[in-house]
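The values are calculated or read from the model by the stated rules, or taken from the named source; none is laboratory data. What you are looking at is a predicted structure, and each value in this text was computed from that prediction instead of being measured. For neighbour counting, all protein chains shown are included, and Cβ atoms are generated from backbone atoms with ideal geometry for every residue, glycine included. Surface accessibility is based on the protein's heavy atoms, side chains included, excluding ligands, DNA and RNA. Shrake-Rupley method; radii C 1.70, N 1.55, O 1.52, S 1.80 Å.
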Amino acid sequence: QVQLVESGGGLVQPGGSLRLSCAASESILSIDVMGWYRQAPGKQRELVSTIANGDNTNVADSVKGRFTISRDNAKNTVYLQMNNLKPEDTAVYYCNLHRRLWIGAIRELDYWGQGTQVTVSS
């Protein structure tokens, strides 16, 4: 099973920046869709951004223009650059690898990291 390890979270003031990294234990395939999700206390986990090979991205409206997702398949790593952070961005951020492949039938697989805390506060 693929292991994902997030890093880069921490405490930052409003308007500040953080760069999250997610390292995979094995090669990220070109067919994989990588993503970042977040979950605040008492709330549902929500999509932040995803990226497919070829730099095709999907970004939540709440972070559009502020967050940028990128991937480096050679380094088995996906990044989330977060700028102009707001208090409402406070959450645990999770890395996700979504893989579709054929194992007797089409299978949809999801792997998740342990999460990294991002706190935006004065």
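Computed quantities for the displayed model
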quantity	calculated
Condition met for ARG71 (assigned to a strand (DSSP E or B) and within 19 Å of SER121 (Cβ to Cβ))	no
Residue in the range 1-22 that is farthest from SER122 (Cα to Cα), counting only those that are open to solvent by less than 30 Å² (accessible area, probe 1.4 Å) and outside any strand (DSSP E or B)	VAL2
Residue count for the range 30-54, restricted to those that are open to solvent by less than 70 Å² (accessible area, probe 1.4 Å), touching a strand residue (DSSP E or B) at 6+ places or on another chain (Cβ under 7 Å) and either not small (Gly, Ala, Ser) or not in a strand (DSSP E or B) (or both)	12
Test result for VAL92, open to solvent by 50 Å² or more (accessible area, probe 1.4 Å), within 15 Å of the chain's Cα centre (by Cα) and under 14 Å from THR116 (Cβ atoms)	no
Flag for SER62 being farther than 16 Å from GLU6 by Cα and hydroxyl-bearing (Ser, Thr, Tyr)	yes
Residue pairs meeting the criteria (Cβ under 8 Å; at least 6 apart or on separate chains; first acidic (Asp, Glu), in the range 66-78; second open to solvent by less than 50 Å² (accessible area, probe 1.4 Å) and assigned to a strand (DSSP E or B))	ASP72/VAL78; ASP72/TYR79
Any pair with Cβ under 6 angstrom, 6 or more apart, that starts in the range 101-116 at a residue that is open to solvent by 50 Å² or more (accessible area, probe 1.4 Å) and ends at one that is in a loop (DSSP other than H, G, I, E, B) and polar (S, T, N, Q)	none
